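Novice: Below is a structure I'd like to ask you about.
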Amino acid sequence: VSDAFRRNAGIDLLATMAADGTPNRAALAAAATGAGIAIAADDTWSDIFSRVLVERIEPCLGQGCPTILDAYPRAEAALARTMQGDPRLAERFELYICGVELVNGFGELTDAGEQRQRFEAEMAEKQRIHGERYPIDEEFLAALSQMPEASGVAMGFDRLVMLATGADSVERVMWTPPEV
């Protein structure tokens, strides 16, 4: 992911995170603005990350051959294990073909304490932005503490159909129309 940010947007993504993985919104905002990407004053680090990914990186991925992005920022992999050797990154990958994300996979985070900390941080951000919180799923955390190490992938069948039919948007291949 960091290589794709550097190559396609001219942004040093790792420089926008503290050594412990904490995202620095001001650093990413400055880098994105410097790369000519418009951001809103209330965009979070994740909003800016997504904007850069969608505008500058995804259209370049999987053109001519499948492309895998891996080593996502930990802030963009809520349920994934932290990578050994770099706490800024997580064991997450995505497979792209023709600019379309087809597969999302990751090493499952099975440390209930770390997952609780992540949930708490997400709820604090939700409280700050939206003025509300949701309860932490205690049953999930209890089950997580008993889960063995695992990993998995999810493949979007709708996206596979997009690629097979040449559709330009997922809405064109949905089985039922989206509700308005």
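Novice: Using the structure shown, decide if residue 28 is surrounded by 15 or more Cβ atoms within 10 Å (Cβ to Cβ), within 16 Å of residue 75 (Cα to Cα), aliphatic (A, V, I, L, M) and in contact with a Phe, Trp or Tyr (Cβ under 6 Å, 6 or more places away or on another chain).
Specialist: yes
Novice: Could I ask something else about it? Which residue is least open to solvent (accessible area, probe 1.4 Å), if the candidates are limited to segment 1-25 and must be farther than 13 Å from residue 55 by Cα, among the small types (Gly, Ala, Ser) and assigned to a helix (DSSP H, G or I)?
Specialist: Of everything passing the filter in segment 1-25, 2 is least open to solvent (accessible area, probe 1.4 Å).
Novice: If residue 144 passes every condition in (1) at pLDDT below 95; (2) under 19 Å from residue 49 (Cβ atoms) but one, which one does it miss?
Specialist: The one condition residue 144 does not meet is (2).
Novice: Another one. Select from segment 59-69 the residues that are within 18 Å of residue 13 (Cβ to Cβ) and surrounded by fewer than 17 Cβ atoms within 10 Å (Cβ to Cβ) and list them in ascending order.
Specialist: The answer is 59, 60, 68.
Novice: Another question, if that's okay. Look at segment 145-167 and say how many of its residues are over 22 Å from the mean Cα position of the chain (by Cα) and either open to solvent by 80 Å² or more (accessible area, probe 1.4 Å) or closer than 30 Å to residue 113 by Cβ (or both).
Specialist: 6
Novice: Now a separate question. Answer yes or no as to whether residue 51 is at pLDDT 95 or above, under 14 Å from residue 13 (Cβ atoms) and touching a helix residue (DSSP H, G or I) at 6+ places or on another chain (Cβ under 6 Å).
Specialist: It is false that residue 51 is at pLDDT 95 or above, under 14 Å from residue 13 (Cβ atoms) and touching a helix residue (DSSP H, G or I) at 6+ places or on another chain (Cβ under 6 Å).
Novice: Which of the numbered conditions does residue 127 fail, given that it passes all the others? Conditions: (1) farther than 23 Å from residue 93 by Cβ; (2) in a helix (DSSP H, G or I); (3) open to solvent by less than 50 Å² (accessible area, probe 1.4 Å).
Specialist: (3)
The values are calculated or read from the model by the stated rules, or taken from the named source; none is laboratory data. Source: prediction; values computed, not measured. No Cβ is skipped: glycine too gets one built from the backbone with ideal geometry, and neighbour counts run over all protein chains shown. All accessible areas refer to the heavy atoms of the entire protein, side chains included, with ligands and DNA or RNA removed. Shrake-Rupley method; radii C 1.70, N 1.55, O 1.52, S 1.80 Å.
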